[in-house]
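Structure first, then comments.
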Amino acid sequence: MRFDIICGVPEILTSCFSESIIKRAQEKSLVEIFVHNLHDYSNDKHCKIDDIPYSGEAGMVLKPEPIYNCISHLEKERKYDEIIFLSPDGKVFNQKIATELSLKKNIILLCGHYKGIDERVRQSLVTCEISIGDYVLTGGELAAAVVVDATVRLIPGVVGDAESLLTDSFQDNLLCASSYTRPSEFMSMKVPEILLSGNHKEIRKYRLLERIEKTKKLRKDLYEKFLNKNKDE
Ligand code: ADE
């Protein structure tokens, strides 16, 4: 899988992809991540990428030419499954969208900033829009990092233990069970007895019940989805 991220401030993304699991996924060639600086695609002699809006409102809008130049350059090399614009107007990102994206081959993530991008780019080039939540960021770079991180960890081979993915929060509309590690007693607080028993069948049952109870208590909306899904099946 390959991500091409187009943005105005690539420095924001440098450390996100050069550490830990995402770094190892690239080293194992399970994913390729390229960050493109819009300033390199500007026609302007000062490498300007934004300009004042025609509406006269405050803030700057990303110009269409650098975005168009960058995408045309990339599309000469390969076909893209999606050109995704990160925007608060988009579909709210979730585990289902991450799973769908993890099955694609080539994805462009286009980051806006502050007042967004020229509408003509949106209409002619963008195939889908994603928001990471109902709040406004100063730019799409952090949103792109979230989308890449959540998607890459679902690619087979990226996370060592495939079984742990199946019990992730949201994968089946349930939150995660609690985790404990050594010591078995810490400041007079004990790890639940069942987890020390070595009885894997009972442990699985205990953890599933805990996930159901926790979701019912903390996330009624997810719990309803969990009940409805299990009703249909
Ligand atoms: N750009 C600005 N705010 C955003 C958000 N909430 N999600 C995705 N991209 C954004």
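The values are calculated or read from the model by the stated rules, or taken from the named source; none is laboratory data. These numbers come from a predicted model, not from an experiment. So basically every Cβ, Gly included, is an ideal-geometry build from the backbone, and we count neighbours across all protein chains shown.
Given the options G133, G140, G157, name the one that is closer than 24 Å to K217 by Cα and at pLDDT 95 or above.
G133
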Residue set I67, I33; condition within 20 Å of Q123 (Cβ to Cβ) and either hydrophobic (A, V, I, L, M, F, W, C) or touching a Phe, Trp or Tyr at 6+ places or on another chain (Cβ under 7 Å) (or both); output residue I67
The one condition I33 fails out of (1) among the β-branched types (V, I, T); (2) away from the ligand (no atom under 16 Å from the Cβ); (3) outside any strand (DSSP E or B) is (3)
Given the condition surrounded by 10 or more Cβ atoms within 10 Å (Cβ to Cβ) and charged (D, E, K, R), answer yes or no: does some residue in segment 157-167 qualify? no
Selection from segment 51-68 of residues within 29 Å of the chain's Cα centre (by Cα), assigned to a loop (DSSP other than H, G, I, E, B) and on the phi < 0 side of the Ramachandran plot yields M60, K63
Among the residues of segment 119-133, the number that are within 8 Å of the ligand (Cβ to nearest atom) and touching a strand residue (DSSP E or B) at 6+ places or on another chain (Cβ under 7 Å) is 3
A145 passes all but one of the listed conditions (1) in the same structural domain as I108 (by TED's automatic domain parsing); (2) away from the ligand (no atom under 16 Å from the Cβ); the exception is number (2)
task: Kindly indicate whether C47 is in contact with a strand residue (DSSP E or B) (Cβ under 6 Å, 6 or more places away or on another chain), more than 16 Å from the ligand (Cβ to nearest atom) and not basic (K, R).
output: no
Taking segment 30-84 and keeping only residues that are under 30 Å from G160 (Cβ atoms) and not β-branched (V, I, T), one is left with L30, E32, F34, R78, Y80, D81, E82
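So in segment 97-117, with the set limited to residues that are touching a strand residue (DSSP E or B) at 6+ places or on another chain (Cβ under 9 Å) and among the hydrophobic types (A, V, I, L, M, F, W, C), which one is nearest to the ligand (Cβ to nearest atom)?
Within segment 97-117, the match that is nearest to the ligand (Cβ to nearest atom) is C111.
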